[in-house]
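A short worksheet on the structure shown next.
The values are calculated or read from the model by the stated rules, or taken from the named source; none is laboratory data. Because the structure is a prediction, the values reported are computed rather than measured. Please note: Cβ atoms are built from the backbone with ideal geometry, for glycine as well, and neighbour counts cover all protein chains shown.
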Amino acid sequence: MSESVSEAGTAAPAEPERAAEPAAPAPLNVPRTPTGVPEADACLERLADADHLATDGHVAVYEDVLRGLRDALTALDARPEPPAPPTPYPSRP
């Protein structure tokens, strides 16, 4: 109980506690080193968007980055089409 006693000896009501305000978004300044893979680098740069959002907005950015990285890895695993068969030389009459 947080009551203070006034000079007259009577207890003064305590001030109501204020709800803590969330801190404003602040950049984390985490360095992002380029990988040399354009798709992965674009995803890493997308992480910078989280610096300007409140915490509840980070999930959407992280999910988007994860989706982009997953797509880039899937593209690396995709097998290229087999080469076209060589064309035969024309026959001579």
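Summary table
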| item | result |
| --- | --- |
| Residue in segment 68-79 that is assigned to a loop (DSSP other than H, G, I, E, B) and at pLDDT below 75 present | yes |
| Every pair of residues 6+ apart whose Cβ atoms lie under 6 Å, when the first sits in segment 63-86 and is under 17 Å from LEU44 (Cβ atoms) while the second is assigned to a helix (DSSP H, G or I) | VAL65/CYS43; VAL65/ARG46; VAL65/LEU47; GLY68/CYS43; LEU69/CYS43; ALA72/GLU39; ALA72/ALA40 |
| Pair list, Cβ under 9 Å, 6 or more apart: segment 18-45 residue closer than 13 Å to VAL61 by Cβ, other residue assigned to a loop (DSSP other than H, G, I, E, B) and among the hydroxyl-bearing types (Ser, Thr, Tyr) | LEU44/THR33; LEU44/THR35 |
| Hits in segment 54-63 - residues which are at pLDDT below 95 and farther than 21 Å from GLU21 by Cβ | VAL59, ALA60, VAL61, TYR62 |
| Test: residue in segment 74-86 that is of a type outside the set (Val, Ile, Thr) and touching a helix residue (DSSP H, G or I) at 6+ places or on another chain (Cβ under 8 Å) | yes |
